[in-house]
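Engineer: Below: one structure in structure tokens.
A short reminder: the numbers here are calculations on the coordinates, not readings from a lab. Keep in mind the model is a prediction, meaning the values are calculated, not measured. All Cβ positions, even for glycine, are placed from backbone atoms using ideal geometry, and neighbour counts span all protein chains on display.
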Amino acid sequence: MTKDELLDYLDSDANEFGLDAIASHGFLTATVVGKPSPNWLSAFFEGNDKKVPDTIKHALTAWKNELYDTLKAEEPIELPFDASEEAIDFGEDSDLTAWAIGFVDAMYADEDVDWFDDPETEEEVATLTLPMIMLSGIDEEMNDVQDEEILVQMVNALEDNITELFLLFHTDD
């Protein structure tokens, strides 16, 4: 299965349990940059991974590996939405919001994997993931921040924050 076929599947009615293509990118990005989550595939399909064709699961794993390889090669992950200031859509149905929801879903998908459990990195992880949490709209207390300038700064920080999280969790430096 090609990546384009996978993306078409994710955005189709046949995808009963997984996220759409944009949210999937956010989810996979988080699984790549964060602490290893052995149950990521089950979490992605909300525990219904046995009902999903193997070709879909293999293609999703290949996409995840592609994202990992990009970061490992010290290249930034290309975000699946237009992040230019004049094009940013902060609406609840926007690609930006969908991507951020997917990212945050993966952060908390496995209760045995806590990104914040190391006192030495807890504050840095909180700082680096703040844009994803705010842009997802998941934390209702943060929804009161309507300052578009701050939100634009958060969007502009996403690529760097993704890279920093990857380095934080996957290097010894």
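Engineer: Just grab the label-to-label distance for ASP11 and GLU159, each label 7 Å out from Cα along the Cβ direction, in nm (one decimal).
Structural biologist: It is 2.2 nm.
Engineer: By how many nm would the segment from ASP112 to HIS170 lengthen if fully extended, with 0.36 nm per residue of separation less the alpha-carbon distance?
Structural biologist: 19.1 nm
Engineer: For the chain, build the charge dipole from Cβ charges (+1 Lys, Arg; -1 Asp, Glu) around the Cα centre, then report which of MET154, VAL33, THR127 sits farthest towards its positive end.
Structural biologist: VAL33
Engineer: Report the full-extension gain for the segment MET1 to ALA73: residue separation times 0.36 nm, less the Cα-Cα distance, to one decimal in nm.
Structural biologist: Taking 0.36 nm per residue and subtracting the Cα distance, the gain is 23.5 nm.
Engineer: Based on other C-beta atoms within 10 Å, arrange SER94, SER37 from fewest to most.
Structural biologist: SER94, SER37
Engineer: Go through LYS50/LYS72; LYS35/LYS57; LYS35/LYS64 and tell me which ones have a Cα-Cα distance over 23 Å in this structure.
Structural biologist: LYS50/LYS72
Engineer: 7 Å from Cα along Cα→Cβ at both ALA62 and ASP139: what's the point-to-point distance in nm?
Structural biologist: Simple spin-label model gives 3.7 nm for this pair.
Engineer: Right, another one. Mind putting a number on the dipole of the chain about its Cα centre? Charges go on the C-beta only, +1 for Lys and Arg and -1 for Asp and Glu, and I need it in Debye to the nearest 20.
Structural biologist: Dipole size: approximately 940 debye.
Engineer: Continuing with the same structure: Would you be so kind as to identify all helices of the chain, as entire DSSP H runs, whose Cα atoms reach 27 Å or more along the helix's own axis and whose mean Kyte-Doolittle hydropathy is at least -0.5?
Structural biologist: Helix filter hits for the chain: 148-170.
Engineer: Also: In percent, how large is the relative contact order of the chain, given Cα pairs closer than 8 Å and 6 or more residues apart?
Structural biologist: For the chain, the relative contact order is 29 percent.
Engineer: Quick one: grab Rg to one decimal and Dmax as a whole number for the chain, Cα atoms only, in Å.
Structural biologist: 15.7, 44
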